[in-house]
Amino acid sequence: MYSAIKHKGRPLYALARKGLTVERTSRPVDIYALTVTRVDLPYIDLSISCSKGTYIRSLCDDLGERLGTLAHLTSLVRTGTGIFSIERAAGFDRLSVDMEDLRTRPYIYTIDEALSEIKEIYVNENDYKRARNGMPISAENLHESDSQPFVRLKSPAGELFGIGRIENNKIAIERILNL
């Protein structure tokens, strides 16, 4: 109940804080790896690699139930998501130094790099002009096996210029990036 998942347009945590409980449907998630990294009873540290949408507090609760006891999450650190990792993160102290040569800063990403997990498509000149004006373009180059609803739009010159959303064999323009 304390997740940001919405029920009738309201986040569950807002309902939970009012003492309300609603029926929630379970959603499939993938746990790629779960490793016990430290045991200092009653505390157990875990390292978990999982799919997006995994609610770790619920996983903790489920683990306690499976072990025939109770479990409580006392600390949670996200060490990575997508291409971002805690190893490549920078604190404000590092960001405040001279930023003249960005290539030497491993924690700085271009927008294209930050969005690299989204499929990219190169559009022809006609679709480029249409898309820049916010008009939908053809999704003929995409296959039904492409499960992501969003694509990075690249100009004929290969420059990132927008984000599109695939719907009904068309690509609706979500955002135009003026870089």
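Derivation of every value follows stated rules applied to the coordinates shown; laboratory data play no part. Given the structure is predicted, the values throughout are model-derived calculations rather than measurements. Glycine gets a Cβ as well: all are built from the backbone with ideal geometry, and neighbour counts include every protein chain shown.
How high is the relative contact order of the chain, in percent, with contacts defined as C-alpha pairs under 8 Å that are six or more residues apart? Don't skip to the end; give the middle numbers.
Details: 199 pairs, mean separation 18.8, N = 179.
Answer for the chain is 11 percent.
222 nm [θ] for the chain, helices only, -39500 (n - 2.57) per DSSP H run of 4+, per residue, to 500? Spell out each step's value before the answer.
On the way: 5 runs with 33 residues, N = 179.
Result for the chain: -4500 deg cm²/dmol, rounded to the nearest 500.
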Problem - Pairs of Lys in the chain closer than 23 Å at Cα, counting only those 8 or more apart or on different chains - result: 11
Handout entry: Most mobile listed residue (Thr54, Thr25, Thr79) in the chain, GNM with C-alpha springs under 10 Å
Key = Thr25
Fill in the blank from the handout: In the chain, taking the dipole from +1 charges on Lys and Arg beta carbons and -1 charges on Asp and Glu beta carbons about the Cα centre, the listed residue (His72, Ala114, Asn126) farthest towards the positive end is His72
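Going by the alpha-carbon gyration tensor, a ≥ b ≥ c the square roots of its eigenvalues, is the range 1-116 rounded (a/c under 1.5) or, if a/c is not under 1.5, prolate (a/b greater than b/c) versus oblate? Walk me through the numbers before you get to the answer.
Details: a/c = 2.33, a/b = 1.59, b/c = 1.47.
Prolate is the answer for the range 1-116, as a/c is 1.5 or above and a/b outweighs b/c.
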